[in-house]
Number of protein chains: 4
Amino acid sequence: MNGSPEQEQVADVQTHPSTATARVVSEGMERHLHHPKRVLDHGFVRVVDYMGDDAAIVQAARVSYGTSTKRTRGDAGLIRYLMRHRHTTPFEMCEVKFHVKLPIFVARQWIRHRTANVNEYSARYSVLDREFYVPSPEHLAAQSNTNQQGRGEVIEGGEADEVLRILKSDSLKAYSSYEFMLSSNEEKRGLSRELARINLPVSIYTQWYWKTDLHNLFHFVALRGDKHSQYEIRAYADVMAAILADWVPVAWQAFSDYRVNGFELSAVGVNCVRRLLKGEKVTMESSGMTRREWLEFEHAILKD
Amino acid sequence: MNGSPEQEQVADVQTHPSTATARVVSEGMERHLHHPKRVLDHGFVRVVDYMGDDAAIVQAARVSYGTSTKRTRGDAGLIRYLMRHRHTTPFEMCEVKFHVKLPIFVARQWIRHRTANVNEYSARYSVLDREFYVPSPEHLAAQSNTNQQGRGEVIEGGEADEVLRILKSDSLKAYSSYEFMLSSNEEKRGLSRELARINLPVSIYTQWYWKTDLHNLFHFVALRGDKHSQYEIRAYADVMAAILADWVPVAWQAFSDYRVNGFELSAVGVNCVRRLLKGEKVTMESSGMTRREWLEFEHAILKD
Amino acid sequence: MNGSPEQEQVADVQTHPSTATARVVSEGMERHLHHPKRVLDHGFVRVVDYMGDDAAIVQAARVSYGTSTKRTRGDAGLIRYLMRHRHTTPFEMCEVKFHVKLPIFVARQWIRHRTANVNEYSARYSVLDREFYVPSPEHLAAQSNTNQQGRGEVIEGGEADEVLRILKSDSLKAYSSYEFMLSSNEEKRGLSRELARINLPVSIYTQWYWKTDLHNLFHFVALRGDKHSQYEIRAYADVMAAILADWVPVAWQAFSDYRVNGFELSAVGVNCVRRLLKGEKVTMESSGMTRREWLEFEHAILKD
Amino acid sequence: MNGSPEQEQVADVQTHPSTATARVVSEGMERHLHHPKRVLDHGFVRVVDYMGDDAAIVQAARVSYGTSTKRTRGDAGLIRYLMRHRHTTPFEMCEVKFHVKLPIFVARQWIRHRTANVNEYSARYSVLDREFYVPSPEHLAAQSNTNQQGRGEVIEGGEADEVLRILKSDSLKAYSSYEFMLSSNEEKRGLSRELARINLPVSIYTQWYWKTDLHNLFHFVALRGDKHSQYEIRAYADVMAAILADWVPVAWQAFSDYRVNGFELSAVGVNCVRRLLKGEKVTMESSGMTRREWLEFEHAILKD
């Protein structure tokens, strides 16, 4: 794997000494800068650059909402106010750039977040490394019986062994074919890279630079860190959430309180809470909700 | 292939009878509506819906530029003026929605056009069909020696046979494994769909609804229809260009004249033209251009 | 006002006879097409074109989520499922284009919704009409004492008369100056339009074509139709909400139930509901909320 | 003007001491940081923060295009290659945040650049300062006779004096009315800020934080720095161009050579150059161009 892009980029770490700047600096973020965090079996997330911190959110908000806010609220109070009322533009004033290595099937979900800038490794220009995602045994799940898109119980024993064997051997076979088709000698020309790569599975790793603002990153982390999200992209969202908590601790706390750990009641849900508070007994059947809505409501509001 | 999404969607054609509308209607586009055009070996492009026509561009422009334009230019003149001066907003007033079936590696290039709306077939919810892109022999190209990202000469004979055999057998093997991992019976649970699909190559077909405005579609067609673009996405761009020519013939002609068939001179290029017009002999060496720049300049301006 | 852009555009209504199309047609929307709805004193909203209906949302969703959804849910059930789980992309498959006449200060709030296409009347090319927004007496409100950005009680009597007199006379004065500076004769050249217009107040009317997708329109209507929004833009949001209800009645109902008439509980709010259901007495002081949060919580959950 | 937002923000300069960072630092940009540059009579542009430099463009491009590019081109060569072939994504990897004070009519043109983040001073929350744009005498231009949107010759003498007098007195009158309507005492309540401000002309100054990426900033500077752009926004574009030249000198040079100082030939233009090079005499009449096209062609290619 000598000379692979990962190696080379990761080696960049040493080449970033400390320099003086008049920009705002987030001490929490400086500690993460350039250090790749492992995700899945071969992936990583690495902060390459950032702009702004909690104070930058406040600074932008004070331009919008005027100096009068200074008298009535401290910085944390203002950030919480912005989050509560979905005044999202001040959060857009912070920006972050990640270097990410991830399987193609994860990249395909990730790219659906359109408000971001991306530079991806091109398999037309370069040869991909022989690295494929293979789930660890505890993430080898059966199809859920109740959820069209989800996973059920973990597969074990002989079936698990068989699945892992297949995933490994098929990807190695595909990669051997890829190398063979690319190779040239006196007797063969070698297929173009842009064609040879069509033989590779979506479990192969790619990498990209991905840059977005804090508001869109919150949205990404909320959506892809949610339990309905596929485990493999959730693993990336979780690592990024931990970085966020160090970068903008006040905004992250507000986000947790108002978005992640809150609960959105529908009109029917509001009505059910009101009926319950009046002492009425409300069941799934009498709630007016679908089964899945009721289970979520029960979990959030009623169960211990 | 019974019951596959393609079949079902294509069968929709019959269910769209003619209805009266007070909206503007493009006769040229009505003829394309709902009829899939074949692209590559299993793909298609199908117009599902559209909004606006050449007149809608003019209508929006007249709001911006005032009624005085009516006196000085006809509709075609105004559209050409807008295109020449890159007044792009009136072109954004037309919208089109396509249903497209395409290999995943093409979809990955396509999705980089961010200003569009997309609904893609989800391999977490549903099982993918056994359809893979395999190049036809005349598109089986070797790696270019002069262009990092491109194709060189066509591969023929035994090497070609071998490549086609590999592409077919590897994809069928991957699909068999996919089906086997998904399958359940008394002895095996069956792997979840979202995991089983990671074994599939990027040559497998997916499909989506893709909706964009005319300005962004022009950009897509220009970029992906360009000779530096990979043949497989160019095949889609070409089909869409033909549809455009029927939908908004005046705008399409202006686009061809000012964007596609024009040539952008750099500051150095302007200088070379000026020197040439004064009778000076200009060569690659004395031009101040790189080799590739000079070849493009020579092709556009000097060669017959 | 002869020959003003409004007149001319509105006159377009007669020129749109019924034509046959193979596109989906929303009967509810056809009735609105081309008919301007009055908003404020001189403004209007007029549907110029549209694409899609409730069925188009379902059609796109079925591509994404597969045919299995057909068995388990009807169309309305699927649309409600999409709304509940914030699967927003199928809603983006509908598009609408409005012609709007509105005061500049409203236009400045409106344009902050970035995911839209806009062609605005240009005061560099054309002369603006002498039409200014002057509030009707019942909307002449004092500054709120409790809300930095809001209105308090209505101003009446002599103060109201004085305010209306000032707004009218200052705008007429500004317009006279505008006309004078523009005018040319033997003795004066006439100031360029792009400079003369800088004298006009933000209450003057402008107009534009504004095109967006259904998801972003929902967002616009929710945000600008909210009670914290300035009355003058809310008046436009309300008219558009009524049009939405006719265009996509099922999606609109789902939006009302899950977004507009629901209530978002923060982590603290969830905790308060749980404490209340256990019989604990919870007050503003013991709630852990700010005063404004508590008032909103009380209004949504506790009060009759 | 004590306590105005400008004063307060500008005073922030002192509070940004030098701190150590492991991020890339652009020495050229550090010199601009926090120092407001005057624009027009009361406006300014001030760099608040930035991310990246020329090296960051190269770093992102090397991920996309692979390490092979390192061997064949130096950094400057790669940046010029990217610019020439409109590979725009690496330029999106740099970001900048400005604090700008500008008249509302300029803000309205500026905001049409949608790919940016904005926090504007809100006249609903705060009272606007009494600062209006009044052109300096040399920018007081008559309407162009040949260009619908443009300026012609400078107005002088008595007409100029009259125009300046009107612009000043009308804006001061509007501001006095604004203050009067806002004011409250025992006898009057005071009109809400969101209503009182509708009386103010579009020449009044507002301010915002505006954040965008380098690719979009190039586009802004090219479009708004163009000679067809209104002088008042061009003044801002020119200041930003000078900052760009210090921030990313290599990218800026490439942009100048390939975009700003180049010339885009249409299909007809290519044909004219070819005819000229063959010795044919080509006139406006025989060129196939419109008058305006010909004049631009003549200016760029033929005239000294």
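The values are calculated or read from the model by the stated rules, or taken from the named source; none is laboratory data. Only a predicted model underlies this, so the values are computations on that prediction, with no experimental measurement involved. Ideal geometry is used to build each Cβ from the backbone, glycine not excepted, and the neighbour counts take in all protein chains shown. These area figures cover heavy atoms from the full protein model, side chains too; ligands, DNA and RNA do not enter into them. Shrake-Rupley method; radii C 1.70, N 1.55, O 1.52, S 1.80 Å.
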Other residues with Cβ under 13 Å from the Cβ of B:Glu162 give, with Lys and Arg +1 and Asp and Glu -1, a net charge of -1
Here the whole-number average of other chain Cβ atoms within 10 Å per Cβ of D:184-193 is 6
Partner shielding of B:104-117, taken as the mean number of other chain Cβ atoms within 10 Å, equals 5
Per the Kirkwood formula over distinct C-alpha pairs, the hydrodynamic radius of chain D in angstrom is 22.8
Mean projected area, convex hull of alpha-carbon positions in segment B:110-210, reported to one decimal in nm², is 9.0
Label model pair B:Glu186, C:Thr283: point-to-point distance (7 angstrom along the Cα→beta-carbon line) in nm is 6.9
Distances in nm between the label point of B:Leu223 (7 Å along Cα→Cβ) and its equivalents in the other copies, shortest first, are 1.6, 2.0, 2.5
Percent relative contact order for segment C:125-279, counting Cα pairs under 8 Å at least six residues apart, stands at 18
Cα-Cα pairs in segment D:123-271 separated by more than 22 Å, as a whole percent of all pairs, come to 62
So the FRET efficiency between D:Ala55 and A:Asn147, C-beta based with R0 = 30 Å and rounded to 0.05, is 0.05
Accessible-area order for A:Asp161, A:Asp213, D:Asp129, largest to smallest, probe 1.4 angstrom, reads A:Asp161, D:Asp129, A:Asp213
From the Cα centre of segment D:128-177 to that of segment A:35-51, the distance in Å is 55
With every protein chain kept in place and a 1.4 Å probe, segment B:131-288 has an accessible area per residue in Å² of 40
Order by accessible surface, 1.4 Å probe, largest leading, for residues B:Thr88, D:Thr146, A:Thr115 comes to D:Thr146, A:Thr115, B:Thr88
Expressed as a whole number, the average count of other chain Cβ atoms within 10 Å around the Cβ atoms of B:257-264 is 6
Each label sits 7 Å from Cα toward the beta-carbon; between D:Asp41 and D:Arg275 the label points are separated, in nm, by 5.0
Plugging the Cβ-Cβ distance of D:Glu296 and B:Arg114 into 1/(1 + (r/R0)^6) at R0 = 41 Å yields, to the nearest 0.05, a FRET efficiency of 0.80
Chain A, Gaussian network, Cα under 10 Å: of A:Leu195, A:Leu128, A:Leu102, the residue fluctuating most is A:Leu195
Simple spin-label estimate for B:Ala245/D:Thr88, 7 Å along Cα→Cβ, in nm, reads 2.7
The pairs in A:Lys281/C:Lys303; C:Lys168/C:Lys188; A:Lys101/D:Lys211 lying past 23 Å Cα-Cα in this model are C:Lys168/C:Lys188; A:Lys101/D:Lys211
Ordered by number, the trypsin sites (Lys or Arg not before Pro) in segment A:208-249 that occupy a DSSP loop and have at most 12 other Cβ atoms within 10 Å are A:Lys227
Among GluC sites (Glu not before Pro) in segment C:128-201, those in a DSSP loop whose Cβ has at most 10 other Cβ atoms within 10 Å are C:Glu186, C:Glu187
Taking alpha-carbon centroids only, segment A:183-231 lies from segment A:275-299 a number of Å equal to 43
